[in-house]
Amino acid sequence: MSDAVGGLVSRKHLAGLLACVGLALAGCGSAPKEVAVQDAKPGDLLVEVDGSRVELVRAFKPGIANGLHKGVVKVTSGGADAKGQMYETTAICSVKGEPGWQTYDNIFGDPISDLNAKRTFPVKDRWQFLFHFDGRTEQIGKLDPSVWVSRLKDNLCRKGDFDDT
């Protein structure tokens with residue numbers, strides 16, 4: 001009888017162990033989720049799209065009702081810049097159809113390498129995108145067009161998948 005009971009106990013232990021291993025492996029395969037900027041802390045993933053990851057480095061300072069100013073993000077892609085590039089970024093968001101407001105969302109950034117370095121403006125490598133509500137996008141500066149900019153704008157302006165109204 002002890003073999004029967006011992007066999008039953010070891011099967012329960014084995015089943016429990018296999019269940020734990022399965023849960024652990026399932027957790028390893030899951031990618032981190034994008035975090036809405038209003039809930040994000042430094043190190044959180046703000047955007048992941050087309051092989052590019054945008055992580056929050058320094059929180060944005062709220063400005064006038066529609067602005068988030070001087071946050072720092074790090075953009076990493078699977079390509080040559082695997083170590084990532086930091087940008088001090090500002091977003092000025094608008095509301096479609098609101099009198100006196102711009103008819104576009106504006107996001108711009110300056111490449112930086114040191115969080116504490118004093119910056120002088122204007123920065124020659126500044127990039128800027130105006131996302132017009134009629135579907136046009138204007139680009140100013142040297143940043144190659146990238147889907148991550150549009151997705152970051154949606155996160156910062158609480159639009160698209162990030163709309164929490």
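Nothing in this text is a laboratory measurement; each read-out follows from the coordinates by a stated rule. Just so we're clear, the structure is a prediction, and the values are computed from it rather than from any experiment. Quick reminder, even Gly has a Cβ in these numbers, built from the backbone with ideal geometry, and neighbours come from all protein chains shown.
On the basis of the beta-carbon distance and an R0 of 35 Å, residue 136 and residue 114 show a calculated FRET efficiency of 0.50. Here the peptides 132-138, 86-92, 114-120, 50-56 are ranked by packing, the mean other Cβ count within 10 Å, and the order with the highest first is 86-92, 50-56, 132-138, 114-120. P(r) tail, the range 37-162: Cα-Cα pairs separated by more than 23 Å, 27% of all pairs.
Charge tally for residue 123 (other residues, Cβ to Cβ under 14 Å; Lys, Arg +1; Asp, Glu -1): +2. When each of 45, 156 is scored by the number of other beta-carbon atoms lying within 10 Å, the sequence from fewest to most is 45, 156.
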